[in-house]
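For reference, the structure is listed below as structure tokens.
Read-outs: derived from the displayed coordinates by stated rules, not from any lab. Being a predicted model, the structure only gives us computed values, none of them experimental. Reconstructed Cβ throughout: ideal geometry from the backbone, glycine too, with neighbour counts over all protein chains shown.
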Amino acid sequence: MHVSLRHGAIAGLAISSLLLISACDGGSDSAKASGSKTKNAPPAPPTHISSKQAEQALVTGAELAEGWQREPDTIIDKKAAGAEEESLKGVRKACAPLAEILNSGRPDADHKATAQAVFYKKGEETNLAQDVSGYTPAQAVGLMSGLRTAIKECGSFDGTMSGKKAKVKVTTLEVPKYGDESVGYAISITSDDMVMDFDMATVRSVGGLTTLRNNYSDTGDRAKGAFNEGLAHAAEKLKAATAKTA
């Protein structure tokens, strides 16, 4: 049995706090001059994208191909969607980035902002999904390095899904160079009589990461055209979202 996965949930918004510090210096001329310079200095650029910017970096159904629509209130993060029992678990450490990206849509849980969307086409079992997540630049570079290592070292590995043994196979997938760096990979999971196949690509721009996932069926359209078109738009939108971050 060949299946594709869908899970729904409403994402929450992260709230950040602002710490205000005041000081009194007796009102000296030098202190006033210093304060004036500080007041007029341009604000430092943010170190990561906001949740709003992450949402704006999601592709639309119209940008994929004719007939594709976004499925409302649907995400691919199994924990957030209340389907954590279906997560891929028990994998060896080197392969953890691949398990994490399959389970949540992103390579690490320590994101600063995130947005996800799932797209479907009427009459097709295939679905396309996208995650956009914000990290600091150093985090993002490290996560891409770990993902590349996992793709290279984990051509085949074992785990469990829903309490059953699962065998995972990973191969490289050729994708164009996007953003600061990009990597493509194909994943196949077999558990009992269930098989799940994915075409995937992750793009980094500064500290932003976007992953596009094509969860296709062995019947019908594999949606390679929509995947390639969506990836190009996803990379372009991520670059625009991260342009003013440092």
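In straight Cα distance, which aspartates and glutamates are under 13 Å from K244, not counting same-chain residues fewer than 8 positions off?
Within reach: none.
Using θ = phi - 60° and the Karplus relation 6.51 cos²θ - 1.76 cosθ + 1.60, list the HN-Hα couplings for segment 135-151 in order, rounded to whole Hz, with x at every Gly or Pro.
Those phi angles translate into 9, 6, x, 4, 4, 4, 4, x, 5, 5, 5, x, 5, 4, 5, 5, 4 Hz.
Under the rule of at least 5 residues apart or a separate chain, name every residue whose amide H is placed under 5 Å from the amide H of S217.
Residues meeting the criterion, in which the H sits 1.01 Å from N, are T126.
Quick one: which residues, 5 or more positions from C154 or on another chain, have an amide H under 5 Å from its amide H? H modelled 1.01 Å from N in the peptide plane, none for Pro or chain starts.
none
Any idea what the dipole of segment 48-242 comes to, in debye rounded to 20, about its Cα centre with Lys/Arg Cβ at +1 and Asp/Glu Cβ at -1?
Here segment 48-242 has a charge dipole of around 540 debye.
Tell me, what ³J(HN,Hα) does each residue in segment 168-178 have, in order and in whole Hz, if you take phi through Karplus 6.51 cos²θ - 1.76 cosθ + 1.60 with θ = phi - 60° and put x for Gly and Pro?
Once rounded to whole Hz, the list reads 10, 10, 10, 10, 6, 10, 6, 9, x, 6, 10.
If you average the C-alpha positions of segment 108-135 and of segment 152-180 separately, how far apart do those two centres end up, in angstrom?
Measuring centre to centre over Cα atoms gives 17 Å.
Could you sort 230-242, 163-175, 199-211 so that the peptide with the highest average Cβ count within 10 Å comes first and the rest follow in order?
199-211, 230-242, 163-175
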